[in-house]
Amino acid sequence: MTAERIVQRLRLIMLLAAGSMFVVTPVELWLQGHYRETAQFIPFVLCVLGILTVVAVVFRPRRGTIRALRGVMILVALGSLLGIGLHLYNNFQFELDIRPSAAAGDVAVAALTGANPLLAPGILAFAALLAIAATYYHPALAGTD
């Protein structure tokens, strides 16, 4: 097997792994009841965008689809960071509500281990980085559409 064929297969594996994260994440969110507030729909939208662009690159690896994927993945990663921030903020607010006289440091530490998991939104950032990595030096970027 040639090195080019191996790289092509690795690209496909990485895209399929990223795509599978975009498929299973909304299922988990739905099962967790992550749809009670408007902001909680953000990861659902990001996952749909992720699925669409990954599928586009898998079936039509052209310069335009790869650039679209990269743009969407940057948006997904930013949305992931927003989710981490919102989880931290909500944990912090909860701790302040139940312990209004606690020291700020104690509240901050408790917020890091609160009910809203801080790293759960990070799965979308990981999927985005994986999808971007799959397009690293992609041969379609050298040509023209």
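Overview of values
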quantity	calculated
Chymotrypsin sites (Phe, Trp or Tyr not before Pro) restricted to DSSP loop in the stretch 18-107 with at most 15 other C-beta within 10 Å	35
Sparse-neighbour loop sites [trypsin sites (Lys or Arg not before Pro); the stretch 1-81; at most 11 other C-beta within 10 Å; DSSP]	36
Span per principal axis, largest first, for the Cα atoms of the chain (Å)	64, 27, 26
MRE, 222 nm, helices only [DSSP H, n ≥ 4, -39500 (n - 2.57), over the chain, to nearest 500]	-25000 deg cm²/dmol
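Computed from the coordinates by the stated procedures, all read-outs in this text should not be read as laboratory data. Note that the structure is a prediction, hence the values are computed from the model and not measured. Glycine also receives a Cβ, built like all others from the backbone with ideal geometry; neighbour counts cover every protein chain displayed.
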